[in-house]
Amino acid sequence: MTIPLDGFPASRRLILKGAGAVALFGFSLGPALAAVNDKYPEDAFKQKSDADAIKSLYGKTAEVSDKVKLDAPEIAENGAVVPISVSSTLADVTSISILVSENPNALAASYRIPAGTLPSVANRLKMAKTTNVIAIVEAGGKLYSASKEVKVTVGGCGG
Amino acid sequence: MASTIRVRATSSGETTEVQALIQHPMDSGYVKDAKGDLIPPHFIQELTFEYDGKSVFVADWGPAVSKDPYVKFSFKGGKKGDDLKISWVDNKGASDTTTAKIQ
(Lines give C-alpha, C1' and ligand atoms only; values in the text may rest on other atoms or scores of the structure.)
Protein backbone atom coordinates (compact mmCIF):
# COMPACT_ATOMS: atom_id res chain seq x y z
CA MET A 1 0.00 0.00 0.00
CA THR A 2 1.37 3.38 -0.98
CA ILE A 3 0.42 6.49 0.88
CA PRO A 4 1.00 9.64 -1.13
CA LEU A 5 1.13 12.92 0.69
CA ASP A 6 -2.52 13.71 0.16
CA GLY A 7 -3.43 10.16 1.18
CA PHE A 8 -2.62 10.79 4.81
CA PRO A 9 -5.51 13.09 5.60
CA ALA A 10 -7.87 10.77 3.72
CA SER A 11 -6.96 7.76 5.82
CA ARG A 12 -7.13 9.86 8.97
CA ARG A 13 -10.61 10.94 8.00
CA LEU A 14 -11.53 7.31 7.48
CA ILE A 15 -10.33 6.39 10.93
CA LEU A 16 -12.27 9.25 12.48
CA LYS A 17 -15.36 8.25 10.54
CA GLY A 18 -14.98 4.69 11.77
CA ALA A 19 -14.62 5.82 15.36
CA GLY A 20 -17.70 7.98 15.00
CA ALA A 21 -19.72 5.11 13.65
CA VAL A 22 -18.67 2.85 16.49
CA ALA A 23 -19.56 5.53 19.04
CA LEU A 24 -22.95 6.10 17.42
CA PHE A 25 -23.70 2.41 17.29
CA GLY A 26 -22.62 1.92 20.89
CA PHE A 27 -24.77 4.77 22.12
CA SER A 28 -27.82 3.83 20.13
CA LEU A 29 -27.82 0.28 21.48
CA GLY A 30 -27.92 1.28 25.14
CA PRO A 31 -30.90 3.65 25.28
CA ALA A 32 -32.88 1.57 22.77
CA LEU A 33 -32.71 -1.45 25.06
CA ALA A 34 -33.51 0.62 28.12
CA ALA A 35 -36.55 2.11 26.42
CA VAL A 36 -38.11 -1.25 25.66
CA ASN A 37 -37.57 -2.66 29.13
CA ASP A 38 -36.52 -1.13 32.35
CA LYS A 39 -32.92 -1.88 33.15
CA TYR A 40 -31.67 -5.14 34.62
CA PRO A 41 -31.69 -4.55 38.41
CA GLU A 42 -28.01 -5.31 38.93
CA ASP A 43 -27.85 -3.84 42.45
CA ALA A 44 -30.89 -5.70 43.74
CA PHE A 45 -29.33 -9.01 42.71
CA LYS A 46 -26.15 -8.12 44.64
CA GLN A 47 -27.93 -7.56 47.96
CA LYS A 48 -27.42 -10.29 50.53
CA SER A 49 -30.60 -10.08 52.62
CA ASP A 50 -34.18 -10.32 51.38
CA ALA A 51 -35.13 -6.96 52.95
CA ASP A 52 -32.23 -5.14 51.25
CA ALA A 53 -33.02 -6.76 47.91
CA ILE A 54 -36.70 -5.72 48.08
CA LYS A 55 -35.66 -2.20 49.07
CA SER A 56 -33.16 -1.97 46.23
CA LEU A 57 -35.64 -3.36 43.70
CA TYR A 58 -38.78 -1.46 44.69
CA GLY A 59 -37.75 1.17 47.26
CA LYS A 60 -40.58 0.16 49.60
CA THR A 61 -41.76 -2.68 51.81
CA ALA A 62 -44.43 -5.28 51.15
CA GLU A 63 -47.49 -6.21 53.15
CA VAL A 64 -48.51 -9.83 53.55
CA SER A 65 -51.53 -10.67 51.42
CA ASP A 66 -53.60 -13.80 50.91
CA LYS A 67 -54.10 -12.67 47.34
CA VAL A 68 -50.55 -13.71 46.58
CA LYS A 69 -50.34 -17.44 46.00
CA LEU A 70 -46.95 -19.06 46.40
CA ASP A 71 -46.63 -22.68 45.36
CA ALA A 72 -43.52 -24.44 46.60
CA PRO A 73 -42.83 -27.93 47.88
CA GLU A 74 -42.78 -28.65 51.65
CA ILE A 75 -39.58 -30.57 51.21
CA ALA A 76 -37.18 -30.20 48.30
CA GLU A 77 -34.96 -33.23 48.00
CA ASN A 78 -32.65 -31.47 45.59
CA GLY A 79 -31.91 -27.82 46.34
CA ALA A 80 -30.50 -27.32 42.85
CA VAL A 81 -33.93 -27.62 41.27
CA VAL A 82 -36.86 -26.41 43.36
CA PRO A 83 -40.07 -25.83 41.39
CA ILE A 84 -41.71 -22.60 42.54
CA SER A 85 -44.70 -20.81 41.11
CA VAL A 86 -46.39 -17.56 42.03
CA SER A 87 -49.78 -16.24 41.01
CA SER A 88 -52.10 -13.55 42.23
CA THR A 89 -55.74 -12.51 42.12
CA LEU A 90 -54.76 -8.84 42.49
CA ALA A 91 -55.53 -6.41 39.66
CA ASP A 92 -52.94 -4.35 37.78
CA VAL A 93 -49.98 -6.58 38.56
CA THR A 94 -46.81 -5.10 37.07
CA SER A 95 -44.15 -7.40 38.44
CA ILE A 96 -43.54 -10.60 40.38
CA SER A 97 -40.30 -11.29 42.24
CA ILE A 98 -39.11 -14.37 44.06
CA LEU A 99 -36.55 -14.33 46.86
CA VAL A 100 -34.85 -17.11 48.78
CA SER A 101 -34.00 -15.70 52.22
CA GLU A 102 -30.79 -17.51 53.03
CA ASN A 103 -29.24 -17.85 49.61
CA PRO A 104 -25.94 -15.93 49.29
CA ASN A 105 -27.95 -13.30 47.38
CA ALA A 106 -31.62 -13.37 48.31
CA LEU A 107 -33.19 -12.18 45.06
CA ALA A 108 -33.54 -15.10 42.65
CA ALA A 109 -35.77 -13.82 39.88
CA SER A 110 -37.88 -10.82 39.02
CA TYR A 111 -40.50 -10.87 36.28
CA ARG A 112 -41.98 -7.84 34.54
CA ILE A 113 -45.65 -8.33 33.76
CA PRO A 114 -46.91 -5.93 31.07
CA ALA A 115 -50.65 -5.20 30.78
CA GLY A 116 -52.36 -8.19 29.13
CA THR A 117 -50.04 -10.76 30.67
CA LEU A 118 -51.54 -12.91 33.42
CA PRO A 119 -50.07 -12.48 36.94
CA SER A 120 -48.77 -16.02 37.13
CA VAL A 121 -45.31 -17.47 36.67
CA ALA A 122 -43.64 -20.83 37.25
CA ASN A 123 -39.90 -21.45 37.37
CA ARG A 124 -37.19 -23.53 39.02
CA LEU A 125 -34.75 -22.09 41.55
CA LYS A 126 -31.67 -23.11 43.51
CA MET A 127 -31.80 -23.14 47.30
CA ALA A 128 -28.69 -23.32 49.46
CA LYS A 129 -30.51 -24.69 52.52
CA THR A 130 -33.83 -24.87 54.37
CA THR A 131 -35.20 -21.35 54.38
CA ASN A 132 -38.13 -19.10 53.53
CA VAL A 133 -39.14 -18.43 49.96
CA ILE A 134 -40.76 -15.03 49.53
CA ALA A 135 -43.01 -14.01 46.67
CA ILE A 136 -43.48 -10.31 46.02
CA VAL A 137 -46.27 -9.06 43.78
CA GLU A 138 -46.31 -5.44 42.69
CA ALA A 139 -49.87 -4.35 41.92
CA GLY A 140 -51.18 -0.83 41.44
CA GLY A 141 -47.88 0.56 42.73
CA LYS A 142 -48.07 -1.37 46.02
CA LEU A 143 -46.21 -4.45 47.18
CA TYR A 144 -47.82 -7.61 48.47
CA SER A 145 -46.07 -10.72 49.69
CA ALA A 146 -46.43 -14.34 50.67
CA SER A 147 -43.81 -16.64 52.09
CA LYS A 148 -43.31 -20.30 52.76
CA GLU A 149 -40.56 -22.36 54.34
CA VAL A 150 -39.08 -25.01 52.10
CA LYS A 151 -37.02 -27.76 53.70
CA VAL A 152 -33.98 -28.63 51.66
CA THR A 153 -32.25 -31.96 52.20
CA VAL A 154 -29.40 -31.45 49.72
CA GLY A 155 -28.30 -27.85 49.14
CA GLY A 156 -28.16 -26.39 45.66
CA CYS A 157 -24.83 -24.69 45.99
CA GLY A 158 -22.85 -27.80 45.18
CA GLY A 159 -20.43 -27.15 48.10
CA MET B 1 -25.78 -24.19 15.92
CA ALA B 2 -28.98 -25.49 17.28
CA SER B 3 -30.89 -22.97 19.34
CA THR B 4 -30.47 -23.04 23.10
CA ILE B 5 -34.13 -22.12 23.44
CA ARG B 6 -37.01 -24.56 23.31
CA VAL B 7 -40.45 -23.04 23.42
CA ARG B 8 -44.00 -24.27 23.36
CA ALA B 9 -46.65 -21.60 22.98
CA THR B 10 -50.22 -22.85 22.94
CA SER B 11 -53.24 -20.68 22.25
CA SER B 12 -56.50 -21.58 23.95
CA GLY B 13 -58.39 -18.87 22.08
CA GLU B 14 -58.36 -16.18 24.77
CA THR B 15 -54.89 -16.69 26.20
CA THR B 16 -51.60 -18.13 25.08
CA GLU B 17 -49.61 -20.28 27.47
CA VAL B 18 -45.87 -20.17 26.97
CA GLN B 19 -43.35 -22.65 28.33
CA ALA B 20 -39.67 -22.18 27.68
CA LEU B 21 -36.67 -24.32 28.43
CA ILE B 22 -33.21 -22.90 27.82
CA GLN B 23 -29.87 -24.64 27.79
CA HIS B 24 -27.51 -22.68 30.00
CA PRO B 25 -25.10 -23.63 32.81
CA MET B 26 -26.41 -20.88 35.14
CA ASP B 27 -23.18 -21.04 37.19
CA SER B 28 -23.68 -19.21 40.46
CA GLY B 29 -20.04 -18.41 41.20
CA TYR B 30 -20.23 -20.33 44.50
CA VAL B 31 -19.54 -23.81 43.16
CA LYS B 32 -16.02 -25.28 42.92
CA ASP B 33 -14.82 -27.50 40.13
CA ALA B 34 -13.00 -30.84 40.54
CA LYS B 35 -9.71 -29.03 41.22
CA GLY B 36 -11.23 -26.90 43.96
CA ASP B 37 -11.26 -23.69 41.92
CA LEU B 38 -14.38 -21.57 41.95
CA ILE B 39 -16.33 -21.68 38.69
CA PRO B 40 -16.94 -18.02 37.80
CA PRO B 41 -20.55 -16.85 37.64
CA HIS B 42 -22.19 -17.38 34.27
CA PHE B 43 -25.94 -16.91 34.14
CA ILE B 44 -28.72 -15.49 32.01
CA GLN B 45 -29.65 -12.01 33.19
CA GLU B 46 -32.51 -11.09 30.95
CA LEU B 47 -35.01 -13.19 29.03
CA THR B 48 -37.57 -11.42 26.87
CA PHE B 49 -40.69 -12.66 25.09
CA GLU B 50 -42.10 -10.48 22.33
CA TYR B 51 -45.39 -10.82 20.53
CA ASP B 52 -46.62 -8.45 17.84
CA GLY B 53 -43.67 -6.10 18.43
CA LYS B 54 -44.36 -5.72 22.15
CA SER B 55 -42.74 -7.48 25.08
CA VAL B 56 -45.28 -9.69 26.83
CA PHE B 57 -42.95 -11.00 29.53
CA VAL B 58 -39.48 -10.08 30.76
CA ALA B 59 -37.51 -12.17 33.23
CA ASP B 60 -34.62 -10.67 35.19
CA TRP B 61 -32.62 -13.53 36.56
CA GLY B 62 -29.86 -13.91 39.11
CA PRO B 63 -27.56 -16.92 39.51
CA ALA B 64 -30.09 -18.65 41.80
CA VAL B 65 -32.18 -19.76 38.83
CA SER B 66 -31.60 -23.46 38.20
CA LYS B 67 -29.37 -24.83 35.47
CA ASP B 68 -31.17 -25.17 32.12
CA PRO B 69 -33.87 -22.77 33.27
CA TYR B 70 -37.57 -23.33 32.78
CA VAL B 71 -40.26 -20.70 32.88
CA LYS B 72 -44.00 -20.67 32.26
CA PHE B 73 -46.43 -17.76 31.87
CA SER B 74 -49.57 -16.81 29.93
CA PHE B 75 -50.70 -13.72 28.12
CA LYS B 76 -54.03 -12.57 26.70
CA GLY B 77 -54.34 -12.76 22.94
CA GLY B 78 -51.98 -14.54 20.60
CA LYS B 79 -53.31 -16.37 17.57
CA LYS B 80 -52.40 -19.78 16.24
CA GLY B 81 -49.65 -19.48 13.63
CA ASP B 82 -48.41 -16.12 14.92
CA ASP B 83 -44.78 -15.61 15.86
CA LEU B 84 -43.43 -15.30 19.38
CA LYS B 85 -39.88 -13.99 19.64
CA ILE B 86 -37.70 -15.11 22.53
CA SER B 87 -34.24 -13.79 23.36
CA TRP B 88 -31.81 -13.92 26.26
CA VAL B 89 -28.59 -12.17 27.29
CA ASP B 90 -26.20 -13.50 29.93
CA ASN B 91 -23.71 -11.79 32.24
CA LYS B 92 -20.86 -12.45 29.79
CA GLY B 93 -22.72 -10.73 26.99
CA ALA B 94 -23.61 -13.91 25.11
CA SER B 95 -27.10 -14.09 23.70
CA ASP B 96 -29.51 -16.16 21.68
CA THR B 97 -32.77 -15.48 19.89
CA THR B 98 -35.41 -17.69 18.39
CA THR B 99 -38.90 -17.39 17.00
CA ALA B 100 -41.64 -19.88 17.77
CA LYS B 101 -45.03 -20.32 16.15
CA ILE B 102 -48.00 -20.23 18.49
CA GLN B 103 -49.84 -23.55 18.26
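The values are calculated or read from the model by the stated rules, or taken from the named source; none is laboratory data. Being a predicted model, the structure only gives us computed values, none of them experimental. Here the Cβ positions follow ideal geometry from the backbone for every residue, glycine too, while neighbour counts run over all protein chains shown.
Annotations for the structure displayed:
- Scanning segment B:68-86 for residues that are within 11 Å of chain A (Cβ to nearest Cβ) and part of a strand (DSSP E or B) yields a total of 7.
- Residues of segment B:18-38 satisfying the condition of being on the phi < 0 side of the Ramachandran plot, free of Cβ contacts under 8 Å to residues at least 60 places away in the same chain and more than 9 Å from chain A (Cβ to nearest Cβ): B:21, B:23, B:25, B:27, B:33, B:34, B:35, B:37, B:38
- Whenever a residue of segment B:44-58 is facing chain A (nearest Cβ under 9 Å), its partners that are among the acidic types (Asp, Glu), lying with C-beta atoms within less than 8 angstrom and at least six residues away or across chains, give the pairs B:45/B:60; B:45/B:90; B:46/B:60; B:56/B:50; B:58/B:46.
- Looking across segment B:68-103, the residues that are β-branched (Val, Ile, Thr) and surrounded by 15 or more Cβ atoms within 10 Å (Cβ to Cβ) come down to B:71, B:86, B:89, B:98, B:102.
- Yes/no for residue A:72 being closer than 27 Å to residue B:25 by Cβ and within 13 Å of chain B (Cβ to nearest Cβ): no
- When residue B:65 is tested against (1) more than 7 Å from chain A (Cβ to nearest Cβ); (2) buried (at least 19 other Cβ atoms within 10 Å of the Cβ), exactly one condition is not met: (1).
- Residue selection: residue A:66 fails the criterion of being more than 12 Å from chain B (Cβ to nearest Cβ), without any contact (Cβ under 8 Å) to a residue 60 or more places away in the chain, of a type in the set (Asp, Glu) and over 25 Å from residue A:43 (Cα atoms).
- Residue count, segment B:5-27 (criterion: out of contact with any Ser or Thr (no Cβ under 8 Å at 6 or more places or on another chain), closer than 16 Å to residue B:89 by Cα and either modelled with pLDDT under 90 or not hydrophobic (A, V, I, L, M, F, W, C) (or both)): 3
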